[in-house]
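In what follows, a single structure is set out as structure tokens and then discussed.
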Amino acid sequence: MDGLGGLRRVTLNDNPDIGDAGAVQLADALRDDLWIKAVDLQNCGVSNVGALAWLGILSETKNDISTDCSITIAEGGNRSLMVLDLRRNGLIGRLSFVTC
């Protein structure tokens with residue numbers, strides 16, 4: 001069993017009842033996971049709240065964006081996650097930093 005790793009991909013597409021509460025809980029659970037490479041949450045009722053929770057674990061900024069609109073990637077954060085698929089979640093708005 002020592003040669004077995006953890007989960008590499010979690011696919012929960014088309015489960016709109018997951019919502020922000022589920023997205024936040026999943027993000028928190030996978031915060032320090034060393035094995036996970038992809039999380040698929042298409043059409044899961046996620047809004048900006050859930051999306052920002054994922055941004056928080058990727059950058060470990062605690063969703064703090066400085067006055068010059070920069071997001072600093074800290075030493076922490078999940079460095080193994082390569083794919084986060086939040087498509088088809090109509091409640092997610094565009095976060096634009098173009099005007100910064």
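Values in this text are rule-based calculations from the coordinates and carry no lab data. In this text the structure is predicted, and so the values were computed from the model without any measurement. Quick reminder, even Gly has a Cβ in these numbers, built from the backbone with ideal geometry, and neighbours come from all protein chains shown.
Among Asp40, Asp85, which comes first, then next, by fewest other beta-carbon atoms within 10 Å?
Asp85, Asp40
Please report Val39, Val10 as a ranked list, fewest other C-beta atoms within 10 angstrom at the top and most at the bottom.
By the 10 Å Cβ count, ascending, the order reads Val10, Val39.
Measure off 7 Å from each Cα along the Cα-to-Cβ vector at Arg8 and Asp28, then give the distance between these two points in nanometres to one decimal.
Result: 3.0 nm between the two label points.
Do any trypsin sites (Lys or Arg not before Pro) in region 1-53 lie in a DSSP loop with no more than 12 other beta carbon atoms within 10 Å, and if so, which?
Filter output for region 1-53: Arg8.
To the nearest 0.05, how large is the calculated FRET efficiency for Trp35 and Arg94 if R₀ is 35 Å and r is the Cβ-Cβ distance?
0.65
Can you tell me which of 44-51, 86-93 comes out highest on packing, and rank the rest after it, using the mean Cβ neighbours within 10 Å? Could you put the intermediate results ahead of the total?
Working: 44-51: 20.0, 86-93: 14.1.
Taking the mean over residues of other Cβ atoms within 10 Å, the ranking is 44-51, 86-93.
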